[in-house]
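Novice: Next up is a structure, given as structure tokens.
Any read-out appearing in this document is the output of simple, stated calculations on the displayed coordinates, not a laboratory observation. Everything quoted here is computed from the prediction, not taken from an experiment. Glycine also receives a Cβ, built like all others from the backbone with ideal geometry; neighbour counts cover every protein chain displayed.
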Amino acid sequence: MCIRDRLKKLLQEKGFIFDARYPDVVITVGGDGTLINAFHRYENQVDSVRFIGIHTGHLGFYTDWRNYDIEKMVDALAVTKGEPAKYPLLEIKMLTESGETHYHLAVNESAVKRVSHTLVADVYINDQLFENFRGDGLCVSTPTGSTAYGKSLGGAVIHPRLKALQMTEIASINNRVFRTLSSPIVIAPDQWISIVPNADHFVMTVDGARIDVRNAKKIEYRISRHSIQFDQFGHHHFWSRVQNAFIGDNEKND
Ligand code: NAP
């Protein structure tokens, strides 16, 4: 029997009702990518949904339980009534030249990039011009995303209980003529970052999904008033996860 069917059977035995349209709890089986996809499927109900991840051999940074643990997970779900862990989400507001506004929500990050030719953009913090950027792109990530793309771009790993956003550069051009800060920046909960591109087309990603953007006037990034909720009964020690995912077993390295 596959994990999904075994899980369904165990949950039914405990009296849980299966409701794919309006669930209280969404359980994913896979890796972080699977959990991110599930988040986007239910992002309109994010205030009422809690997520639990079972991982099946991927990195599984945000997936708490291993496939051989599912009996324990179902038992814990049946008895636990504790508060879920709530982690910040990124709100992306894109204003177009024709006056439209498009909103997106990200668990990990959103990047603006050009695949060929330099991305030229002005970066504002709140409404104050911060820098003129030239390079491949910019990435704004949540603390949750700080262990994903943001980390590969040299960003700091940020504990997801902190309400903050981090902007990292992607291959910025720095010389006598063009200059950026060249370091990741972390902004406070009441601040926002605006990117005003000087390009009529570029790519924007939202949690890795590609959106081809034309005629964007401005993209604003701020912490959403919504959060993603994870059931707390798993192994939620953040720094142990970081160690486990990126450093490995210290004993073995001796
Ligand atoms: P993907 O192939 O689904 O994921 C790429 C890798 O990132 C997988 O190993 C995934 O873990 C891991 N990952 C995802 N979210 C994570 C998190 N919050 N902390 C630690 N690791 C995490 O790629 P995708 O569908 O294109 O994009 C999904 C996400 O992957 C993006 O939001 C981005 O952050 C990340 N990504 C990173 C890079 C990079 O570092 N250069 C490149 C592409 C994508 P699982 O194996 O458990 O799914």
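Novice: Note the count of lysine pairs whose C-alpha atoms are less than 21 angstrom apart in the stretch 89-226, limited to pairs 8 or more residues apart or on different chains.
Specialist: 8
Novice: Given axes a ≥ b ≥ c from the Cα gyration tensor, I'd like to know whether the stretch 1-51 is rounded (a/c under 1.5), prolate (a/b larger than b/c) or oblate.
Specialist: oblate
Novice: How much mean residue ellipticity at 222 nm does the chain get from its helices, if each DSSP H run of length 4 or more adds -39500 (n - 2.57) and you divide by all residues, to the nearest 500 deg cm²/dmol?
Specialist: Mean residue ellipticity, 222 nm, calculated: -4500 deg cm²/dmol.
Novice: How would you order 138-151, 198-211 from highest to lowest mean count of nearby Cβ atoms within 10 Å?
Specialist: The packing order, highest mean first, is 138-151, 198-211.
Novice: Tell me which lysines have Cα within less than 19 Å of residue 8's Cα, excluding those fewer than 8 residues away on the same chain?
Specialist: 72
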